[in-house]
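No lab work stands behind these numbers, since they all come straight from the coordinates. Please read these numbers as outputs of a predicted model, since none were measured by experiment. All Cβ positions, even for glycine, are placed from backbone atoms using ideal geometry, and neighbour counts span all protein chains on display.
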Amino acid sequence: MHLKSDDPFDRRSVMLMLASVIFFAVNTLLVRAVALHVPAADGWMASFFRGVVGLAVVFLMYGAGRGLRASRLVMGKWVIIRGVVGALSIVAFYVTVVKLGAGRAVVLNLTYPMFATIIAALWLKETLRRAAVLWTVVGFLGLVLFLGMDGNLAGVSAYDWLALAGALGAGWVVVIIRRLRNEEHPATIYASQALYSMVLASPAALNLGDLPMIAWAGLAGGAVIVTFAQLVMTKAYQSMSVSRGSSLQMLLPLATSLGGFLCFGETFEPVELIGAMITLIATWRVVMSR
């Protein structure tokens, strides 16, 4: 398949990707706030709302011949794979957050940019520049410091491997999005994840009656926000390489933690701030690389 050539530095795509990072961070903070007040509004419930509301928003904005092709959700090979793998990766992330703790799970999940860059080079024949790979690894090491990990790999459990499998799936999803950019509308690409996330988390619907209205409103609002985040991210990948786009997504935990500081009074150790600075510098180097 012939792919469009990429602009070495497309300012519009960079701004779209940064906007998606902000949307993802706002969604995470909103879901966290709801869960703090209503423990029943857990990750499974958030996934279910994300799927249902995401589908509703996409059909409302892009249905009736405005871009969304609903038939592709059950007939398009790569659209289906994108949805199923994306849904499974989300579940793997939520399970490992519970079993491993947020810090370790997030660090392992954030290996996905490296998986995505390698898969894109092998499958889409994107140029794998040594400098971009080096700075991506440096950015990940910065995240290790920022998230408070000590680098000790002793006692690796099955859940660690599950987290890495989820990261591999997330990396593959990013490349599939890139692969589909000339064939499918962003609405169709995102609707596939929304559909299969809803199906996978559908058992959570049995407990909807236990949620107060404030939880319904918060989870629904978060689902709307993350839908726009996915659509904007997918649009950005239409003219941005996987390595550049995924490096920008590595800013997400930093943006989320800044929100945690402002909204929940969270504080950070000096080593965490050093790690954050390393990641910011590394991300800037990947984005500005020619």
Helical mean residue ellipticity (222 nm; -39500 (n - 2.57) per DSSP H run of 4+; nearest 500) of the chain: -24500 deg cm²/dmol
Label-point separation in nm, Ile80 to Phe261, each point 7 Å along Cα→Cβ: 4.7
Long-range lysine pairs (8 or more apart or interchain), the chain, Cα under 27 Å: 6
Per-residue HN-Hα couplings for segment 75-89 [Karplus 6.51, -1.76, 1.60; θ = phi - 60°; Hz; x = Gly/Pro]: 10, x, 3, 6, 5, 5, 4, 4, x, 5, 5, x, 5, 5, 5
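Send over the per residue convex hull volume for segment 101-244, Cα only, as a whole number of Å³. It would help to have the intermediate numbers written out before the result.
On the way: hull volume 21.6 nm³, N = 144.
Looking at segment 101-244, the number lands at 150 Å³ per residue.
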Largest-first principal axis extents, alpha carbons of segment 20-150, Å: 48, 46, 24
Surface/4 estimate of mean projected area, convex hull on alpha-carbon atoms of segment 245-290, nm²: 3.2
For semi-axes √(5λ) of the Cα gyration tensor in Å, calculated from these coordinates, the label among (1) 37, 20, 17; (2) 27, 26, 17; (3) 29, 28, 17: (2)
D (Stokes-Einstein, µm²/s), Kirkwood Cα radius, segment 174-290, 1.567 mPa s at 4 °C: 76
Formal net charge of residues neighbouring Gly171 (Cβ-Cβ distance under 15 Å; K, R +1; D, E -1): +3
